Amino acid sequence: MVFRASHLGFMKLFRDTDTIVAIATPLGPGGIGIVRMSGPASLAILKSVFRPANPNCAFKSHILYYGFIHDPQKVNSSIDEALCVYMKAPRTYTREDVVELQCHSGPAVLNRILQVCQGQGARLAGPGEFTLRAFINGRIDLSQAEAVDDLIRAQAEGLRRMSLKGLEGGLSRRIASIREALLSCISALEVAIDYPEEDNEILKQEQVLERIEAQVIAPVMDLINAYELSAVQRFGARVLLVGRPNAGKSSLLNALSCEERAIVTEVPGTTRDIIEKQIEIDSVPVILMDTAGIRDCPDPIEAMGIDKIRQTADSADMFLWLLDPVQGIGQEEAEVARLIGGSSEKPVALVINKVDKIEPARRQAVERELSLAAAGLLSARKGMRTCLVSAKTGQGLGRLGTAIAELLINDRRRMHEIDIAPNLRQKEVLKEVLSRVIAARKGLVGGLSVEIVAIDLRQALEYLGQITGETATEDILNRIFSSFCLGK
Ligand SMILES: Nc1nc2c(ncn2[C@@H]2O[C@H](COP(=O)(O)OP(=O)(O)O)[C@@H](O)[C@H]2O)c(=O)[nH]1
Ligand SMILES: [Mg+2]
């Protein structure tokens, strides 16, 4: 369950001494559901709502105890059989006393336990409030807190890996070294302001320039580029299947996702809506979109489907253009070429399907002939790849997957090296940092007074602090944490 709230007002409760409580697991029937508390009253509330099976239970820290949860305000009021753990501050997620009640994951069970804890004095936690406390209490910085949220939401391997690096402080360390370089430049300039008569000032300015180039501008630009390269990992790539009816688009979607999701029939024009299926290719999340076929004179319902393809084509990151080698290239293919020709910067994989129907000896010739003809329809398209596959037998699907991944991430080697990347907010902040530092460099080169240059660098430093949180305002924090999951 994901709650989003633009303003919950919990920020005013900074460094409060409330004990907060929330259901930490998704609400719905499941094996185990967890109610979590954090704050000074956690242990007292645990003792009042939990009856350990062993009456001599000492509630030692970080030890799991078995027993029953009940409502202390009522007699005979068992709620659930549970395991509980008390974790003494500061070795906890929030650095406060934390209690976790592990019960059966039934919505009624969890809600009742939540109420009982509230009845004993706990306050319902706002979204992200546990992580907010971890940040306020100095266990993690802001970029690590954001990585927690990314990790929770990561659907595919690439984002999981990046988020974990962020959580481990990978981005924080990069920012710290940029910050250090900035600080050393500022202090060098300030020395020049305070002791203008020093004769080695010019040399110092050269060194400052060098340092700004190599230790600030370059790493900041690297991080901004890393964001661009990681965007596919973060949001998934939208891949649109196009081609004449019966080319095998629905069959290919099913084959690639190993699932019967789209209806496959021999009657042309069965797929009238857009069907989406998320798969993972080489740790890249890919959203495959199956469409109605493109034909000259479709029936009205099919025409609506075709209209939708045109809209979807605008939002696609790449196209899989399916050809039926038995049908060859005809009027329909000219239509498809017109559709994808409008997005000339987007990569296209030409997929010659039903290769099982072509004799092996003829396959190379068919591939050459069809890819030449298709390329002719799509004038001057760079980065088109041709793959021979059979959605029926599965032949060639591995190579098609590799081609899709390569087309989506044209610099694949670098992609796999990227383990540290900022999120959108952090990237925007880095752009501000960059513009201030570039202004400072220009000032230095142009002989502007060092005071003014130092002001630019100080502003850059201020922005940098928004990433790790030192200079983040309440407003920024509010925006970040209010989009977190409830209970995290
Ligand atoms: N022999 C063979 N038949 C295929 C292959 N792919 C699809 N078909 C058949 O072609 C017909 C149309 O497939 P479908 O996926 O519905 O095409 P769509 O209209 O492009 O979605 C169906 O009868 C499929 O079984 C293939 O690789 N080999
Ligand atoms: Mg179909």
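The values are calculated or read from the model by the stated rules, or taken from the named source; none is laboratory data. This is a predicted model, so every value here is computed, not measured. Don't worry about glycine lacking a Cβ; one is built from the backbone with ideal geometry, like all the others, and counts go over all protein chains shown. Keep in mind that these areas ignore ligands, DNA and RNA; they rest on the heavy atoms of the full protein, side chains included. Shrake-Rupley method; radii C 1.70, N 1.55, O 1.52, S 1.80 Å.
Pull up the cross-link candidates among the aspartates and glutamates for LYS392, meaning alpha carbon to alpha carbon under 17 Å and not fewer than 8 places away within one chain.
Cα-Cα hits under 17 Å: GLU259, GLU260, GLU266, ASP290, ASP324, ASP356, GLU359.
Okay, helix-only estimate at 222 nm for the chain: each DSSP H run of n ≥ 4 adds -39500 (n - 2.57), divide by all residues, round to 500 deg cm²/dmol; what do you get?
Helices in the chain give a 222 nm mean residue ellipticity of -14500 deg cm²/dmol.
Once fully extended, how much extra length lies between TYR195 and THR393, figured as 0.36 nm per residue of separation less the alpha-carbon to alpha-carbon distance?
Computed gain between TYR195 and THR393 is 63.4 nm.
May I ask for log10 I(q)/I(0) of the chain at q = 0.12 Å⁻¹, from a Debye sum over the Cα atoms as equal point scatterers with solvent left out?
Results for the chain at q = 0.12 Å⁻¹ read -1.05.
Starting from the Cα of GLU206, step 7 Å along the direction of its Cβ; do the same at GLN278; then give the gap between the two resulting points in nm.
If labels sit at GLU206 and GLN278, their model points lie 5.5 nm apart.
Using a 10 Å cut-off on Cβ atoms, rank the peptides 150-163, 56-69 from the highest mean neighbour count down.
Packing proxy ranking, top to bottom: 150-163, 56-69.
Fully extended, how many nm does the chain gain between SER77 and ASP307 (0.36 nm per residue separation, minus their Cα-Cα distance)?
Answer, rounded to one decimal: 76.8 nm.
Per residue, what accessible area does the chain have, given a 1.4 Å probe and all protein chains present, in Å²?
47
Arranged from highest to lowest average of other beta-carbon atoms within 10 Å per residue, in what order do the peptides 132-144, 224-236 appear?
132-144, 224-236
Taking 0.36 nm per residue of separation and subtracting the Cα-Cα distance, what length does fully extending GLU462 through VAL326 add?
Length gained between GLU462 and VAL326: 42.6 nm.
Which FRET efficiency, nearest 0.05, do LYS60 and GLU157 yield, Cβ-Cβ r, R0 35 Å?
Step by step, r from the Cβ atoms, then E = 0.40.
Kirkwood-based Rg over Rh for the stretch 10-141 (C-alpha set), two decimals?
For the stretch 10-141, the value is 0.95.
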